[in-house]
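Report on the structure given below.
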Amino acid sequence: GAALDVARSFVGRTVGERDRAMLHQIRALGAAEDAVLEGMALGLARRARARVVAELEPLTARRVAFAHAARRAAPDRHAALSAAAAELATTPEIVARSLFADRPQAKILVSGLPPTARAALEAYNLALVESVLLRAEKVVVHLDEDLEPVVRFARGAGLIASIVNGALEVSGPLAILRRTTKYGHALAKFFPSLLASPGSWLLARCVLGEVLNVRIRATDPFPHRERPRDRPLDRKLVRALFEAGFAVHPHPKPLLHEERTIVPDFTLERDGRLLHVEVLHAFTPELLASRTTIPDLLVCVDTTFASEDLPAAVLQFERRLDPRELLRAACERTSNTENGWTHPHAGLDEVSTP
């Protein structure tokens, strides 16, 4: 609570004043180790909001004042400010205060801090976990609930997720080859919803100078977020598939393959034949190699994440999945008209991925 009080005392002052003094004042509390206090100060600083407070629009003040300064043979700050003030019908002091009021260090803190000491502690712990997850190779989550919707939700957030031995397994940033920072932030943003169930806990394998296993429980003080439900499939995609003669099952049963449980995003059906479809926005080479050997599974990969050649059996797309390509791949995977599948007709529009 004392650290939060220190942070609140800087509301109404500039960001620069806070940055110069807040850490020193929090350290003076002496209630914890320096590393913890520094982390709390940094976390509170990140949560605070700041805005520009100035009598004049800073860009206008600079434009007028600098123009008057440029006309003078010798530098004369007071004369330039006075001339600018006369043109803008104000005082030199107001022009001076407004010149750089939009600079980050000059902005005024207005709040945005946690409302309670408990909320401040939760925000600090969340920042710690996020920094750990950015260095994770793998995160294993044990949930007391149905895992299939969680896998789809994780994949929709751009993560690599599957079910292994009854637990949710999410690849960490250190397991992928491209855009690791963006992936790490997606994982950190996804984390609070993972512990929405009271009995859940996760184990993260991280590289922090050495390989460490970090265990986190739902009962630990974190800000928990309700996990969104499964997002419905794009209506245009479903309509395009239906017009081509396919039934679409949006939440099919999982597939068992070796020790992994594969969770398709949707399943196509026609004349009793099934083709399961999995859409990946992130992947590892090992993941693709394991998927392409599964019968009746079509893997669609967003190539914006690809850094190498992909297997021929993979349907590639860039950000948006084209129904025509999806249907063409479905026909190729099911031996075309021999098994009752016909080639898709033309004229289908590109739609968003599910």
Quick check: is even one residue across the stretch 206-221 small (Gly, Ala, Ser) and at pLDDT below 80? yes
Taking residue 184 as the residue in question, decide whether it is farther than 22 Å from residue 255 by Cα, surrounded by fewer than 19 Cβ atoms within 10 Å (Cβ to Cβ) and either at pLDDT below 75 or not hydroxyl-bearing (Ser, Thr, Tyr) (or both). no
Which numbered condition residue 170 fails, given (1) at pLDDT below 80; (2) among the β-branched types (Val, Ile, Thr); (3) within 13 Å of residue 282 (Cβ to Cβ): (1)
Read through the list (1) out of contact with any Cys (no Cβ under 6 Å at 6 or more places or on another chain); (2) over 22 Å from residue 285 (Cβ atoms), then give the number of the only condition that residue 180 fails. (2)
Collect the residues in the stretch 112-140 that are in contact with a strand residue (DSSP E or B) (Cβ under 8 Å, 6 or more places away or on another chain) and either farther than 16 Å from residue 185 by Cα or part of a helix (DSSP H, G or I) (or both), keeping them in residue-number order. 112, 129, 132, 133, 140
Taking the stretch 15-73 on its own, how many of its residues are closer than 24 Å to residue 109 by Cβ, part of a loop (DSSP other than H, G, I, E, B) and modelled with pLDDT of 85 or more? 6
Could you please tell me which pairs satisfy a Cβ distance under 6 Å, a separation of 6+ or placement on different chains, a first residue in the stretch 233-250 that is loosely packed, with under 15 Cβ neighbours inside 10 Å, and a second residue that is at pLDDT below 80 and assigned to a strand (DSSP E or B)? 236/351
Picked from the stretch 127-181 (must be among the hydroxyl-bearing types (Ser, Thr, Tyr) and within 26 Å of residue 47 (Cα to Cα)), the residue surrounded by the fewest Cβ atoms within 10 Å (Cβ to Cβ) is 181
Checking the structure you have, find out if any residue of the stretch 321-329 is small (Gly, Ala, Ser), at pLDDT 75 or above and over 25 Å from the mean Cα position of the chain (by Cα). yes
Give the residues of the stretch 273-301 that are within 12 Å of residue 162 (Cβ to Cβ) and acidic (Asp, Glu), sorted by residue number. 278, 286
Given (1) modelled with pLDDT of 80 or more; (2) within 21 Å of the chain's Cα centre (by Cα); (3) among the small types (Gly, Ala, Ser), number of the condition residue 247 does not satisfy: (2)
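Step by step: first the residues of the stretch 119-152, then only those that are among the acidic types (Asp, Glu) and farther than 22 Å from residue 251 by Cβ, then the one that is nearest to the chain's Cα centre (by Cα). Which residue is that?
Applying the filter and picking the extreme gives 130.
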Of the residues in the stretch 78-128, those that are hydroxyl-bearing (Ser, Thr, Tyr), closer than 20 Å to residue 57 by Cα and touching a residue at least 24 places away in the same chain (Cβ under 8 Å) come to 90, 98
Within the stretch 1-14, which residues are at pLDDT 80 or above and either closer than 20 Å to residue 124 by Cα or part of a loop (DSSP other than H, G, I, E, B) (or both)? 5, 6, 7, 8, 9, 10, 11, 12, 13
Scan (1) surrounded by fewer than 18 Cβ atoms within 10 Å (Cβ to Cβ); (2) modelled with pLDDT of 85 or more; (3) in contact with a strand residue (DSSP E or B) (Cβ under 6 Å, 6 or more places away or on another chain) for the single condition residue 109 breaks and write down its number. (1)
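A quick yes/no check of all residues on (1) closer than 26 Å to residue 222 by Cβ; (2) among the small types (Gly, Ala, Ser); (3) in contact with a Leu (Cβ under 6 Å, 6 or more places away or on another chain); (4) surrounded by fewer than 16 Cβ atoms within 10 Å (Cβ to Cβ):
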site	(1), (2), (3), (4)
22	yes, no, no, no
29	yes, no, no, yes
39	yes, yes, no, no
55	no, no, no, yes
66	no, no, no, yes
69	no, yes, no, no
79	no, yes, no, yes
87	no, no, no, yes
Mind listing just one residue for me: the one in the stretch 264-311 that is among the polar types (S, T, N, Q), within 24 Å of the chain's Cα centre (by Cα) and not in a loop (DSSP other than H, G, I, E, B) and, of those, farthest from residue 183 (Cα to Cα)? 303
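The values are calculated or read from the model by the stated rules, or taken from the named source; none is laboratory data. None of the values given here were measured: they were computed from a predicted structure. All Cβ positions, glycine included, derive from the backbone under ideal geometry; neighbour counts span all protein chains shown.
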